[in-house]
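A short write-up of the structure that comes next.
The values are calculated or read from the model by the stated rules, or taken from the named source; none is laboratory data. Because the structure is a prediction, the values reported are computed rather than measured. With ideal geometry, Cβ positions are generated from the backbone for all residues, glycine too; neighbour counts draw on all protein chains shown. For the accessible areas, the whole protein counts, side chains as well, though only heavy atoms, and no ligand, DNA or RNA atoms are used. Shrake-Rupley method; radii C 1.70, N 1.55, O 1.52, S 1.80 Å.
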Amino acid sequence: MRVAWCGCPNVARSAAETSTSRLPSAGAFPAGRDARGSSRRGGKTRGARRRDFREPMAAMSTDEACSETHATRLVQVWTKHETGGRLRDGSRAWEASLAATPEIKLVRGEVEDASQVRSDDGNDGKNKNASAFRASVFFDALTTSTEAHVLYTARELQSTQSMLQENLSNLNPKGSSSAENETLETLERGSRFPPGALVLADCQIGGRGRGGNVWTSPPGCLLFSFSTTHTVGATLPFLQYVATMAAVDAIQEGADAAIAAAAAEYSQQDLSSLEKNKGYLGDKFRRGTGGAVDVRIKWPNDLYSGGAKIGGVLCTSTFVDGQFDVVIGVGINLDNETPTTCVNEIIAKRWEELLREANGSGSESTENTYITPEPTSREHITASFMNRFEALAGLLNASDSFASLEPSYLRQWLHTEQSVVLEEPSGNVQVTVKGLTKSGYLLANDSSGQRFELHPDGNSFDFFKGLVRKKLAN
């Protein structure tokens, strides 16, 4: 067995939870921070759509914010199909023994309403460690053939990625009751998690960042990790790029749906009070363009909007029996407007821009002005992500190459024609980013046209502050 890191090629990084940030960003906040709060927009509201961004998490009070007080962490296990979720020995997923994370208690997911889950002491009432994630809504939107058909949900975990990675590593902690029975030779794939496993937490308290940084992720963030398999080592680094593409596509799809629904409601209103030839959104918004909102990839694994980080992706893998067991973690700030921004705020601001364009910047406010998009949900973003990931990963595996996906990736990233200054002993050198090399590093040219492959130095906090170059044949 050997562990591989399928992020930036050959760059060793810690097994970080993907909500982490290299800067204190919208996806990472100090423990105990109240992640809810009131909507930033005032004024009139009408209809069911007018709700705070954080309403899906409203079942959790401030006093119930993630903390380290829970000795046992309840994880409910849901399956898309009644016959699914089988382990290798035929037992059900919630019957597995997770030796590496003994604090986790697996139970079958049977009650969607967290307030109705029976508490650990046997008394009916709200179980404070039950997730508010709606499994049925997620599965209804999920169209994958295999990915994410088994869902693990918790109100809080140390780390979604650690729960999967540590239990897939084929190694047991010293002193665990099963260590003498489960060895590298006897522990088989599928003995702890069935194929298509996805772990999601409302918040986490032990996410591990690159370089040993520790981040906590409060309610309002979308936090999940899932397991998949991969066979070709040469294309393993590109799985992280595929995942970032899927994340951008999922956010754009969520924005499309939210804005299109708001536009439909807007078009049904009485527009007689608007100036002539204004108030029409048809020529301002087109669904399905992939550019409903400004969301881009910052190489190699971050999601940015308007210069602010809103999410990230990170992969780790274990090689055993001729293939890679890959754990992909995703963290997206869905609902926390501060300290930077979040997905639902980005969608709301884009809607406001469309209204101003339609009504004219100097027009008076009307009833229509207060129509706002319904916040996109964790359930729909997660399902959209998995749907896109399975499709894109299928293309990568079919060709054993990233070449067919690279044009789409470059349309989604921030860096084409970006000028980068390399700090070298002989002086600074300026190069211009042109794309990716075949191995997944940055491709750049200098002023003479000489081509270079740019590698992170492995030490710098910001990848673009510590790049080193390798000369390529022209």
### Task
Tell me which residues, restricted to segment 140-154, are open to solvent by 10 Å² or more (accessible area, probe 1.4 Å) and either closer than 13 Å to residue 328 by Cβ or in a strand (DSSP E or B) (or both).
147
### Query
Which ranges mark the strands (runs of 3 or more DSSP E) fully within segment 379-474 that have 1 or more residues being under 24 Å from residue 250 (Cβ atoms), in contact with a strand residue (DSSP E or B) (Cβ under 8 Å, 6 or more places away or on another chain) and open to solvent by less than 40 Å² (accessible area, probe 1.4 Å)?
427-436
### Task
Looking only at segment 295-323, count how many residues are over 15 Å from the mean Cα position of the chain (by Cα) and open to solvent by 10 Å² or more (accessible area, probe 1.4 Å).
8
### Task
State which residue is least open to solvent (accessible area, probe 1.4 Å) when the search covers only segment 84-107 and only residues that are in contact with a strand residue (DSSP E or B) (Cβ under 6 Å, 6 or more places away or on another chain) and modelled with pLDDT of 90 or more.
93
### Message
When the residues of segment 194-250 are narrowed to those that are part of a strand (DSSP E or B) and of a type in the set (S, T, N, Q), which ends up modelled with the lowest pLDDT?
### Response
216
